[in-house]
Amino acid sequence: SLIAIVGLNYGCRIMPLNASTEKTSYSESFDNFPNPERGFYFPVNPEPYRAFTPLQLSDLQAVRNQNLSLVRRFYLIPDRFAPLSESFLNLVSQDLQTAREAGVKIIFRFTYNWEGGGEDASKDTILSHMDQLKPTLQENYDAIAYLDAGFIGNWGEWNSSTNDLLNITDKQDILFKFLSVVPSERMVALRYPHDKIRIYDSEKPLTSSEAFNGSNKARTGAVNDCFLAGIDNGGTYKSTKISVIEKQKSFLNQDNQYVVQGGESCRSNSEAQPYIGCDNALQELERMRWSAINSRYEQGVLDTWKNEGCMEEIKRRLGYRFKLKNSEISDTLSPGGKFFAKFEIENLGWASPYNPRLLEVVLRNRKTKQEYYLRVNEDPRKWLPGSSNMVNVEAGLPENITSGEYDVFINLPDPASELYNRPEYSIRLANVNVWEKSTGYNSLLRSIVVDANVGGDTYSGSNYFLSR
């Protein structure tokens, strides 16, 4: 058949003559840009002069301008013997509102002590504090990325306990309680991988059928706060035996396909030097499917990545990075006609989205700007690292759609009502010339013509575009 090829500055558009669909290929972008719930995060720690200071909008806007979409916020609970004060609960709520306004999300950790160690709280107090936090977390879950398990031990790292809370029964009770007060849409990350194995009494990682099913296991992720610090990552793996470490790393490699992995590096001393270089760091980040890591600590590790030349790759590949490869879309349709599209998206990142995410196809009239959208039954959380994913769409145009030319877009918005129309919270694809900053849409660099005078198949199903 005859084929016309038109070269464009953003790719190659292949147009079959006398056909009802058109094919388009897309060029990859290597730019570093912010995307929701992934990448380097900015830490806000509870030094005495900041322990009870609310987050400032100007500070979070500056974070966003650094191409960061995440802030990790430590909350130092002021009294381990008394109920949480109203002022403390108001602080948490206010921080979430400020984050939402600034276009970022917060990684939470609650702790009873900071530098120099100290006491944690009793189990009953921890559970009571969680109950007090529940309304604030539930009402503001949209501005939360995920939460570290926290509460136990120095820095809330589950590394010690002055109240003897390191036995598996208390750990399980505290984790399950926290999961019950945290909104079901969000995950809780454990400091040590062997704790997840012991708490769920299973060495089997999550399977695709278990992923995102709302169970406690499916909502329990990982946090490593001593990444690359020696062979055992500063005690993360609770062993220096290669066989034991490899077993836990293999568990994380599979489990983290469906849950979050975050944390930070912690040492660049002689013990860490063999491990922090780019070759090993890139391998470990990819293997453990990292989504979020501290942008300020540890500086020696970060300097090594800059000096050895892998920092820009790490910025791009933390979490998900979706690239549009090609598409095939209907050309000319009549009102009530059958719209067809298929497009292929590759995940170039080291992880997948860990929170719910919508996928829509949007049609926008070039003259009137009227929009029609179609919610696609597809879960981007299952677009795994290194995979290519073909999305097939078949739907009907409304009978009363106005004739004209419509640009076609992909939209990957946040499902939360307050963030749904916020471009900062929509996923940007890693392609040249597709991102529309004002809407958060990704253009397919294509348009369709709606013409009442053309023929074609009439749609007979129930999946129709809706007027915006």
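Helix 168-181 against the longest principal axis of the chain: what's the angle in degrees, Cα atoms only, rounded to the nearest 10?
That helix lies at roughly 40 degrees to the long axis.
Determine the percent antiparallel among the DSSP beta bridges restricted to the chain, to the nearest 5.
Values: 53 of 82 bridges.
Percent antiparallel among DSSP bridges in the chain is about 65.
If you build the Cα gyration tensor of the chain and take the root of 5 times each eigenvalue, what three semi-axes come out, in whole angstrom, biggest first?
The answer is 44, 24, 20 Å, longest axis first.
In the chain, if the dipole is taken from +1 on Lys/Arg beta carbons and -1 on Asp/Glu beta carbons about the Cα centre, which of Gly118, Asn392, Phe212 is farthest to the positive end?
Selected residue: Asn392.
Take the alpha-carbon centre of segment 95-140, take the same for segment 247-318, and report the distance between them in whole Å.
Each part's Cα centre sits 26 Å from the other's.
First check a/c for segment 311-468, with a ≥ b ≥ c the square roots of the eigenvalues of its C-alpha gyration tensor; if it is under 1.5, answer rounded, and if not, answer prolate when a/b is larger than b/c or oblate otherwise.
Judged from the Cα gyration tensor, segment 311-468 comes out prolate (a/c at least 1.5, a/b above b/c).
Calculate how steeply helix 123-139 sits against the longest principal axis of the alpha-carbon atoms of the chain, using the helix alpha-carbon long axis, and give the answer as 0 to 90 degrees to the nearest 10.
Approximately 20 degrees, to the nearest ten.
May I ask for the net charge around Pro83, where only other residues with Cβ less than 12 Å from the Cβ of Pro83 are counted and Lys, Arg are +1 while Asp, Glu are -1?
On the way: positive: Arg80; negative: Asp79, Glu86, Asp124, Asp131.
Here the count lands on -3.
So what's the back-of-envelope 222 nm ellipticity for the chain, counting only DSSP H runs of four-plus at -39500 (n - 2.57) apiece and dividing by all residues, rounded to 500? Show your work: numbers first, answer last.
On the way: 10 runs with 109 residues, N = 468.
Helix contribution divided over all residues of the chain: -7000 deg cm²/dmol.
Packing-wise, with mean Cβ within 10 Å as the measure, how do 229-238, 127-136 rank, highest first? Each step should come with its number before you reach the end.
Working: 229-238: 19.7, 127-136: 17.1.
The packing order, highest mean first, is 229-238, 127-136.
What's log10 of I(q)/I(0) for segment 202-310 at q = 0.11, 0.15 Å⁻¹, Debye sum over Cα points only, no solvent?
For segment 202-310, the Cα-only Debye profile gives -0.36, -0.64.
Do you know the relative contact order of the chain, to the nearest whole percent, from alpha carbon pairs under 8 angstrom that are 6+ apart? Walk me through the numbers on the way to the answer.
Numbers: 1070 pairs, mean separation 65.0, N = 468.
It comes to 14 percent, rounded to a whole number.
Anything over 32 Å Cα to Cα? Flag those among Lys325/Lys367; Lys177/Lys325; Lys217/Lys306; Lys105/Lys338, in the order listed.
Going by Cα-Cα distance, Lys177/Lys325; Lys217/Lys306; Lys105/Lys338 fall outside the 32 Å limit.
From the phi angles alone, apply the Karplus equation (6.51, -1.76, 1.60; θ = phi - 60°) to segment 208-223 and give each ³J(HN,Hα) in whole Hz, x where the residue is Gly or Pro.
4, 6, 7, 4, 6, 8, x, 6, 4, 4, 6, 10, 9, x, 9, 9
When only Cα pairs under 8 Å and 6 or more residues apart are kept, what is the percent relative contact order across segment 242-322?
35
Give me the distance between the Cα centres of segment 337-373 and segment 227-242, rounded to whole Å.
42
Could you tally the net charge around Ser291, taking each other residue with its Cβ under 9 Å from the Cβ of Ser291, Lys/Arg +1 and Asp/Glu -1? Intermediate values should be presented prior to the final figure.
Numbers: positive: Arg38, Arg289; negative: Glu37.
My count for the surroundings of Ser291 gives +1.
How high is the relative contact order of segment 111-185? Use alpha-carbon pairs under 8 Å, at least six apart in sequence, and give a whole percent.
42
Dipole of segment 41-127 (Lys/Arg Cβ +1, Asp/Glu Cβ -1, origin at the Cα centre): which of Pro46, Asn67, Phe108 lies farthest to the positive side?
Among Pro46, Asn67, Phe108, the one farthest towards the positive end of the dipole of segment 41-127 is Asn67.
If packing is taken as the average count of other Cβ atoms within 10 Å, what order do 83-93, 214-224 fall into, highest mean first?
Put in order of decreasing packing, that is 214-224, 83-93.
Taking loop as defined by DSSP and a crowding limit of 13 other beta carbons within 10 Å, which GluC sites (Glu not before Pro) in segment 400-462 fit?
Here the sparse-neighbourhood loop sites are Glu418.
Provide the per-residue ³J(HN,Hα) series for segment 94-104, in order, calculated from phi with Karplus coefficients 6.51, -1.76, 1.60 and θ = phi - 60°, each as a whole number of Hz, with x at glycine and proline positions.
5, 4, 5, 5, 5, 4, 4, 5, 7, x, 10
Restricting attention to segment 254-334, which GluC sites (Glu not before Pro) occupy a DSSP loop and are surrounded by at most 14 other Cβ atoms within 10 Å?
Glu271
How far, in degrees from 0 to 90, does helix 242-255 lean away from the longest principal axis of the Cα atoms of the chain, to the nearest 10?
Orientation of helix 242-255: about 40 degrees from the principal axis.
With the Cα gyration tensor of segment 246-315 giving a ≥ b ≥ c as the square roots of its eigenvalues, does the rule (a/c under 1.5 for rounded; else a/b larger than b/c for prolate; else oblate) give rounded, prolate or oblate?
Numbers: a/c = 1.88, a/b = 1.58, b/c = 1.19.
Prolate, because a/c is 1.5 or more and a/b exceeds b/c.
Sorted by packing (mean other beta-carbon atoms within 10 Å per residue), highest first, where do 164-173, 112-121 land? List each step's numbers first, then the result.
Working: 164-173: 14.3, 112-121: 17.0.
Highest mean packing first, the order is 112-121, 164-173.
Pro183: net charge of surrounding residues, Cβ under 15 Å, Lys/Arg +1, Asp/Glu -1, itself excluded?
-1
A short reminder: the numbers here are calculations on the coordinates, not readings from a lab. The structure presented is a predicted model; accordingly, all values stated were derived computationally and were not measured. Because the Cβ atoms are built from the backbone with ideal geometry, glycine has one as well, and the counts that use them run over all protein chains shown.
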